[in-house]
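Structure first, then comments.
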């Protein structure tokens, strides 16, 4: 192949491919193709979901326990001083210990379950993608850069983890925390709920703005990064030529420019998206203060106890926190879907050269080779095929030398014989049998 | 203290480049966390006012006075806003200096890659060096990000939170302080084991990757031998091993990391218990109790992330070690100071050169002497592995001999001058002596940029001339954008013969005095080869740029184009003369070229 002139055909760059995939509407069938993958590990995922539910319950126990101490553990006597009910306090402290132990212990359990599900699932997928790739025809490898194939099996498979494994329990846990906190606030007092909920529109608006700004810049950062990395890889590969031609300084200057471009893009990206976390922390504080103002009103009016108000202050993080996480979850979901699309695209690629349904027996090869009116071109649309109506017969046991100038199809003939490529016209016969009609395995014998 | 044994610290010391901004960042992180404590203190006061019935007052007519509560709202939201602005600014500032450091380090690596001898590259392989510069540098970047976000910020938050509690009452603070320190201690103890497990996982994954890359890149060989199924099986085995390692590491981290987290979490329980007691003793009010609990919660959740940071740092530590190993390597080849006298034609002589292989064993070249006379076209032949390419690398000093010396000779008007190669400036030597390897490297750039590598000032006419000299003008006509066509890894695919001719043209653009063709015409047919060599021979008359040529050859057609042939065997030149002479006199020569005796 190396000695064949290949006309310049445009191969899609990774960025172009990504853009093309991003524009495609999410196919509904994608979901149904992904779901069966989960089957073998469904018990793990269910277990993780269950662990998250118990975990959230334990998390909610804490503010309630604090409320107990404030309202009942400390009893105000006639002089205005407080006396400590040690019995209640001891129970509450024990409960708090259990809550923390459960919080972190169950997080570990949930992590283990979803993590081991991910490891099992992704790696069996990795093997099946590799298996598929290994059986694709040589032509596919000519058209597709090897780096891209490797990254399908490597990075894209890994990117499925948040979509398939981490996603469901995390999403559920986030929703559960937010909804539970909302319900508990509502039960305490609808006023408290509304005072905190008034923050949500602002939070959603800023999340949307953040996504918009971050995404528009992210591609540029990634591209700049790819550029300087490629430059470095190339420097290592071509170091001999750089030394030979004394290009060390100018090469370094070029690298410096690439790095500076990358840093500038990165910093611009951070400036445009870095405000988000800080802005949400202001919003959280605002939410807490609104809660104090309206909670103060409710306490003053005697609608709720002070302990209830104090407990509801701990709901602020539980209520607003998950809403901030949703954006992050959504982003990882999008990334996972893009990776899934690329993987399916590859799995849908069929080998062009397949064994016939019923291969002819092909044993004890004598070694008689015949090219009959063979026409072949690497690119079927090309005007001048590499091989034009070639007829050639090599008898068994004969040693034949084929000579010719560079790039005139000598090695192409060999690759047609081993059926790396398919002829477009005529036939290649071994012992009188068309190589298309026999199983590909014994071709190795040639 | 030897700084070399603390590679990560050595990287952090590079912050010396930006001392003002570094300390400013640290100070601002401290200020932001101080403001967090301040904010909590204000919340405590607001909550206390609520409890005392001051924040919202119900007057006798049933009307509400919320002025005190609103007053607190404005103060606290203002503090939060100020804090957010500082954090935004310091986030930008720390990113700028962190990227400055990384960019500097990346440039140092590139410079070092270019500076180190080819021997280092051969010994360590391109893959390893690329890993240094990509994966290891990324691990270091992760550690630097964690340095600001976790180490600096978390230590300040621990200080601020514990200080806040101490300020309310020493009893309140002492528990969380001791518990947090205990948690950290347990975490440190676990880290070593975690890192070991992680490393095993990394190695297992390298195995997976190795098989994966081989499966994709070696697909032709795999198909030719029908190895698909056995390769898949092998891959499955590698993946299974990786899964086993990964599960083990996961089980360890999931079962052990919660322990220190729980210990730190107990700090909040302590605050509740002691706080309630202090309230009953009238040493603390309810507002302060609530604020203390909120602060303790913040502390617990901030420390939760530290477990992962430990791993990031341990990883970065070994990566930094490998990076410094590369940066500390010293190139052995250094140039002299003497300028090269530009007299043509130029010859070169090897005097008793010996080269030993890096790992020990039989010498590649042993007391080898040879002479390329000025203006001569010399062919060097020898069996595979006889040291021909090693010899070629010695000439532009891409490698150095272990003993013996090399001189550049000129012979103008009967005056004989000799200059020792290692006394000359390296750049002069490499400009005058150009080796074209069999597999020339083309950069991912335009054809013109590739041709101009050795002569930046060359005009388009010069490039076209060189392409014509190298019989590569027909390659040019095939390219859609002419000289501006992108070639190399990410450009147009070129055949072996096309690449060789472009590499020849590139060598000719820089007008070397000595051209070494290391099997650089192997993919050309005899007609083209002769055309190229005749063009080079005729350079003297045409441009006044005489070139001496040393051809390392394996094809008879190439050898026939030379004035004289040398046969290299056993590390020495064992035969010397014209082709006809050698055929007549040397049995080894006849054997090497497959010319049977008596023919």
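The antiparallel fraction among DSSP beta bridges confined to region B:386-540 stands at about 65%. Average 1/r across all pairs of distinct alpha carbons in region B:56-200, invert it, and you get the Kirkwood radius: 20.9 Å. Relative to the longest principal axis of the Cα atoms of chain B, helix B:460-469 runs at roughly 50 degrees. Between the alpha-carbon centres of region B:107-171 and region A:394-435 there is a gap of 57 Å. Within the protein assembly as shown, the percentage of alpha carbon pairs spaced more than 47 angstrom apart rounds to 45%.
Taking the Kirkwood radius as the inverse of the mean 1/r across Cα pairs, report the Rg/Rh of chain B.
1.18
Here the translational diffusion coefficient of region A:190-303 follows from Stokes-Einstein with Rh set to the Kirkwood radius across Cα pairs; for 10 °C and 1.306 mPa s it amounts to 87 µm²/s.
Sorted ascending by nearby beta carbons within 10 Å, beginning with the fewest, B:136, B:328, A:364, A:71 become A:364, B:328, A:71, B:136.
Rg/Rh for region B:3-328: what does it come to with C-alpha atoms and Rh from Kirkwood?
Dividing the radius of gyration by the Kirkwood radius yields 1.12.
Ordered from longest to shortest, the equivalent ellipsoid semi-axes for region A:84-168 are 51, 10, 6 Å, each the square root of 5 times a Cα gyration tensor eigenvalue. Of the three principal axes defined by the Cα atoms of region B:346-593, the extents in descending order read 50, 43, 39 Å. Taking the C-alpha atoms only, the angle from helix B:170-217 to the longest principal axis of chain B is near 30 degrees. Expressed to the nearest 5 percent, the antiparallel share of DSSP beta bridges inside the protein assembly as shown is 65 percent. DSSP beta bridges fully contained in chain B are about 60 percent antiparallel.
Ordered by the number of other Cβ atoms lying within 10 Å of each residue's own Cβ, fewest first, B:120, A:315 fall into the sequence B:120, A:315.
Its residues counted as N, region B:394-535 yields a C-alpha radius of gyration over 2.2 N^0.38 Å of 1.14. Roughly how tilted is helix B:118-131, in degrees to the nearest 10 and between 0 and 90, from the longest Cα axis of chain B? Tilt relative to chain B: about 40 degrees.
Estimated purely from DSSP H runs of n ≥ 4, each contributing -39500 (n - 2.57), the mean residue ellipticity at 222 nm for chain B is -20000 deg cm²/dmol once divided by its residues. When only alpha carbons are used to place a centre, region B:12-85 and region B:328-361 end up 70 Å from one another.
For chain B, the relative contact order works out to 14 percent when only alpha carbon pairs closer than 8 Å and six or more residues apart are counted.
When A:248, B:439, B:51 are sorted by how many other C-beta atoms sit within 10 angstrom of their C-beta, beginning with the fewest, the order is B:439, A:248, B:51. Taken over the Cα atoms of region B:104-157, the convex hull encloses 70 Å³ per residue.
Note on region B:365-478: semi-axes of the ellipsoid equivalent to its C-alpha gyration tensor, largest first and rounded to whole Å, are 30, 19, 15.
Computed from the coordinates by the stated procedures, all read-outs in this text should not be read as laboratory data. Not measured: the values here are computed from a predicted model. Virtual Cβ from ideal backbone geometry, glycine too; neighbours counted across all protein chains shown.
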